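S.K.: Dumping the structure here so I can ask a few things about it.
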Amino acid sequence: MTRRFRHCAGRSLMILRQYKGVQKSVGKQQFSSKILLNFVKELNENFPILKEARREVIEDFMDVKNAKKILKWIEEGKIKVEYINTTIPSPFAFNLIAQGYMDVFEV
């Protein structure tokens, strides 16, 4: 969410990529966006840029609408799900696990 907020804040010119001709690093932009995000959350949970960041995460990245469709197909038996125990996660699963830990550390 914090990264998506940074992108939205950049598009809305709340965070500048460069100032007086000097380029700001992505790290500095991210740091500024975290401060701004905390302020905006306290100011108003329905702040337009915050709402847009949430919308992008839910609709664009998570694709909740189609995820619900897939879950319905699983319930109806149109899609079969198998559970396979392994000693190590697959590359895809490893990436999901790593992302989950990164999200926990960001909170």
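The values are calculated or read from the model by the stated rules, or taken from the named source; none is laboratory data. Owing to the predicted nature of the structure, the values given are computational and were not obtained by experimental measurement. All Cβ positions, even for glycine, are placed from backbone atoms using ideal geometry, and neighbour counts span all protein chains on display.
S.K.: Given the condition farther than 12 Å from M1 by Cβ and loosely packed, with under 10 Cβ neighbours inside 10 Å, answer yes or no: does some residue in the stretch 46-56 qualify?
M.R.: yes
S.K.: What pairs come out if I take residues in the stretch 63-74 that are at positive phi and aromatic (F, W, Y) and pair them with residues that are surrounded by fewer than 11 Cβ atoms within 10 Å (Cβ to Cβ) and at pLDDT 90 or above whose C-beta lies under 7 Å away, six or more apart or interchain?
M.R.: Correct list of pairs: empty, since none qualify.
S.K.: Kindly provide the set of residues from the stretch 42-55 that are part of a helix (DSSP H, G or I) and either of a type in the set (D, E) or more than 26 Å from K65 (Cβ to Cβ) (or both), ordered by number.
M.R.: Selection gives E42, L43, E52.
S.K.: Out of all the residues in the stretch 74-104, which are within 26 Å of the chain's Cα centre (by Cα) and modelled with pLDDT of 95 or more?
M.R.: Scanning the stretch 74-104 gives a single hit, I74.
S.K.: Where residues in the stretch 2-28 are part of a loop (DSSP other than H, G, I, E, B) and either on the phi < 0 side of the Ramachandran plot or of a type in the set (D, E, K, R) (or both), which of them is surrounded by the fewest Cβ atoms within 10 Å (Cβ to Cβ)?
M.R.: Looking at residues that are part of a loop (DSSP other than H, G, I, E, B) and either on the phi < 0 side of the Ramachandran plot or of a type in the set (D, E, K, R) (or both), I get K20.
S.K.: So which of F39, F31, F92 is out of contact with any Ser or Thr (no Cβ under 8 Å at 6 or more places or on another chain), of a type in the set (F, W, Y), surrounded by fewer than 10 Cβ atoms within 10 Å (Cβ to Cβ) and not in a loop (DSSP other than H, G, I, E, B)?
M.R.: F92
S.K.: Continuing with the same structure: So which of K34, K28, K51, K41 is under 27 Å from G100 (Cβ atoms) and in contact (Cβ under 8 Å) with a residue 24 or more places away in the chain?
M.R.: Numbers: K28 fails: in contact (Cβ under 8 Å) with a residue 24 or more places away in the chain; K51 fails: in contact (Cβ under 8 Å) with a residue 24 or more places away in the chain; K41 fails: in contact (Cβ under 8 Å) with a residue 24 or more places away in the chain.
Answer to the check: K34.
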